[in-house]
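Heads up, the thing below is written out as structure tokens.
The values are calculated or read from the model by the stated rules, or taken from the named source; none is laboratory data. Values in this document were obtained by computation on a predicted structure and should not be read as measured data. All Cβ positions, glycine included, derive from the backbone under ideal geometry; neighbour counts span all protein chains shown.
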Amino acid sequence: MSELTWTKYEDVKPPEGRYWFRVDPSYYNRWGGRQVEFASLMRERGAGGQRVISPDFDHWDGYRVHVPRGIEWAPITDQEILDYKHPHSLDKEFFKVPDLDLKPCPFCGRAPKVDWHGRYITAPIWHVEMFSIRCCIAKIEFWRGDFDKLVERWNTRSGDCSEAA
């Protein structure tokens, strides 16, 4: 996979289409300081009697459209869209945590899936309340927990624990 070229949203807003986005990790601390990248759709929407192009995770307060400070975007490739099960849906499965070192599933050997649930329906990724790592029959989750502890629990196998003598 090629290295993405990130552009600050406040400098240049992308045209309509699908893009990778990322928010400064200090904006959301539940991911253990990791940079989380997620796909979203730039679409035209109404905003107080005018039409604007903004990402589908924006917030309209009745006066203007808001997006988080420090957000960046990068083009998404057609191949990346096809790599997901639902290429026409840009839901919460369309995200990635680069440089995440997870062991394969102990039962099937495949790469596990990281999942998250927000504070409310349609909550953006920075309003996460619960994490889970799962594959086939294995699943662990943390409610309002530390993402690093969840990764540590997934990567621990029964033979990995050393007992004090």
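(1) modelled with pLDDT of 75 or more; (2) in the same structural domain as residue 36 (by TED's automatic domain parsing): which one isn't true of residue 131, the others all being true? Of the numbered conditions (1) modelled with pLDDT of 75 or more; (2) in the same structural domain as residue 36 (by TED's automatic domain parsing), the odd one out for residue 131 is (2).
Among residues of the range 23-44 being modelled with pLDDT of 90 or more and charged (D, E, K, R), the one that is farthest from residue 152 (Cα to Cα) is 44. Would you confirm whether any residue within the range 135-147 is surrounded by 11 or more Cβ atoms within 10 Å (Cβ to Cβ), at pLDDT 80 or above, under 15 Å from the mean Cα position of the chain (by Cα) and more than 23 Å from residue 4 (Cβ to Cβ)? No: the range 135-147 contains no residue that is surrounded by 11 or more Cβ atoms within 10 Å (Cβ to Cβ), at pLDDT 80 or above, under 15 Å from the mean Cα position of the chain (by Cα) and more than 23 Å from residue 4 (Cβ to Cβ). Pairing each residue of the range 5-20 that is in the same structural domain as residue 71 (by TED's automatic domain parsing) with any residue that is among the hydroxyl-bearing types (Ser, Thr, Tyr) and assigned to a loop (DSSP other than H, G, I, E, B), provided the two are 6+ apart or on different chains, yields no C-beta distance under 6 Å. Filtering the range 104-115 to residues that are assigned to a loop (DSSP other than H, G, I, E, B) and either at pLDDT below 55 or exposed (fewer than 15 other Cβ atoms within 10 Å of the Cβ) (or both) leaves 104, 106, 107, 108, 109, 110, 111.
To keep it simple, each residue is scored yes or no on (1) closer than 30 Å to residue 133 by Cα; (2) of a type outside the set (Phe, Trp, Tyr); (3) surrounded by fewer than 11 Cβ atoms within 10 Å (Cβ to Cβ).
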residue	(1), (2), (3)
3	yes, yes, yes
23	yes, yes, no
27	yes, no, no
41	yes, yes, no
56	yes, yes, no
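The set of residues in the range 116-131 that are in a loop (DSSP other than H, G, I, E, B) and touching a residue at least 40 places away in the same chain (Cβ under 8 Å) contains only 124. Of 75, 55, all but one fail to be modelled with pLDDT of 90 or more and within 18 Å of residue 127 (Cα to Cα); the exception is 55. Take the residues in the range 1-46 that are outside any loop (DSSP other than H, G, I, E, B) and among the aliphatic types (A, V, I, L, M); name whichever of them is farthest from residue 66 (Cα to Cα). The residue in question is 39.
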